[in-house]
1. Counting only residues that are within 18 Å of the chain's Cα centre (by Cα) and more than 21 Å from residue 18 (Cβ to Cβ), which one in segment 106-153 is nearest to ligand 1 (Cβ to nearest atom)?
2. Among the residues of segment 202-213, is there at least one that is surrounded by fewer than 24 Cβ atoms within 10 Å (Cβ to Cβ), away from ligand 1 (no atom under 16 Å from the Cβ), more than 27 Å from residue 147 (Cα to Cα) and over 20 Å from the mean Cα position of the chain (by Cα)?
3. Would you call residue 226 more than 22 Å from the chain's Cα centre (by Cα), in a helix (DSSP H, G or I) and within 19 Å of residue 197 (Cα to Cα)?
4. Residue by residue through segment 177-197, note down the ones that are more than 15 Å from the chain's Cα centre (by Cα), buried (at least 16 other Cβ atoms within 10 Å of the Cβ) and either outside any helix (DSSP H, G or I) or in contact (Cβ under 8 Å) with a residue 40 or more places away in the chain (or both).
5. Taking helices (runs of 4 or more DSSP H) that do not extend beyond segment 50-131, which have at least 1 residues that are at pLDDT 95 or above, out of contact with any helix residue (DSSP H, G or I) (no Cβ under 8 Å at 6 or more places or on another chain) and crowded, with 22+ Cβ neighbours inside 10 Å?
6. Tally up the residues in segment 2-29 that are loosely packed, with under 13 Cβ neighbours inside 10 Å and touching a residue at least 12 places away in the same chain (Cβ under 8 Å), please.
7. Cβ-Cβ distance below 9 Å, separation of 6 or more or different chains: which pairs start in segment 262-274 with a residue that is closer than 12 Å to residue 236 by Cβ and end on one that is within 16 Å of ligand 1 (Cβ to nearest atom) and part of a loop (DSSP other than H, G, I, E, B)?
Ligand code: ES4
Ligand code: ZN
């Protein structure tokens, strides 16, 4: 079986960040919005560094206006994921981009996304779940509004709560109230940390937000006592190696710590983060892992089992996943 056909689970995918550039260009044209500044001549997204990436991301997202636009986005993203063998996917969705934190509007976006996900499941067999995410650089007040939306809609499809955005701004504890609200609503928790911040950012996410998964978390490797804590506590890392290499967190695939973390007993999974922005796909992640670390069928199987165990869905859903 080729690497593209191998069944895969993806736990860390930003929905708008997965939008194919041609899809965003098409919407911009329909709505007469000039987005030429965010594209290179070859049609890919243009950005200089992570903080600039976040602003290009927000500009691209600005053409996604209605619930119907989001339904079309889900359809486009799941078609692409299914073509790379993804059978189960968790995507970050944000009320900040979908109705501006108004619960009634949020529900409409959510229903449109769920309908599109149901259609994709019927057509391609791919299962999608949503993790409501607050955006760190939008601040704690917006995060509370997002947590309220998440708590109101917690259920079969919205199964988690998380935080993304600029790790350079604020501290995890500023968001503890929102995470407490989400936990009390029965949502599972994850937080971006240890991508731009060092080991302390991972400790803060664990101590202050009490998450069971960490988005990235790779810079924990700089503190072996923390690596041992992650292993002992069974914390799962949503590792996105291609994203890290493209953004310069590590200069080359061979220097990425995913294998070292795994060898020291940390539960690692593999995801793409924002695939067209980082010129990657799940197939490419697997190809590079094969090339850089000699991973083969047994390694990919183990990664999938780790992702299945850490997935934010119920046991009946897990039983359906190949
Ligand atoms: C992110 Cl706010 C946001 N969007 C997309 N990708 C991200 N990575 C970290 N924060
Ligand atoms: Zn991310």
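The values are calculated or read from the model by the stated rules, or taken from the named source; none is laboratory data. Note that the structure is a prediction, hence the values are computed from the model and not measured. Here Cβ is always computed from backbone atoms with ideal geometry, including for glycine, and neighbour counts include all displayed protein chains.
1. Filtering first and then ranking leaves 143.
2. no
3. Yes: the conditions hold for residue 226.
4. Answer for segment 177-197, where residues must be more than 15 Å from the chain's Cα centre (by Cα), buried (at least 16 other Cβ atoms within 10 Å of the Cβ) and either outside any helix (DSSP H, G or I) or in contact (Cβ under 8 Å) with a residue 40 or more places away in the chain (or both): 178, 182, 185, 187, 196, 197.
5. Hits in segment 50-131: none.
6. Here the count works out to 2.
7. Every condition considered, the pairs that remain are 266/217; 268/217; 270/240; 271/240.
Residue by residue, here is whether (1) closer than 21 Å to residue 82 by Cβ; (2) away from ligand 2 (no atom under 14 Å from the Cβ); (3) surrounded by fewer than 18 Cβ atoms within 10 Å (Cβ to Cβ) holds:
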position: 233; (1), (2), (3): no, yes, yes
position: 237; (1), (2), (3): no, no, no
position: 249; (1), (2), (3): no, no, no
position: 252; (1), (2), (3): no, yes, yes
position: 256; (1), (2), (3): no, yes, no
position: 263; (1), (2), (3): no, yes, yes
position: 295; (1), (2), (3): no, yes, no
position: 301; (1), (2), (3): yes, yes, yes
position: 309; (1), (2), (3): no, yes, yes
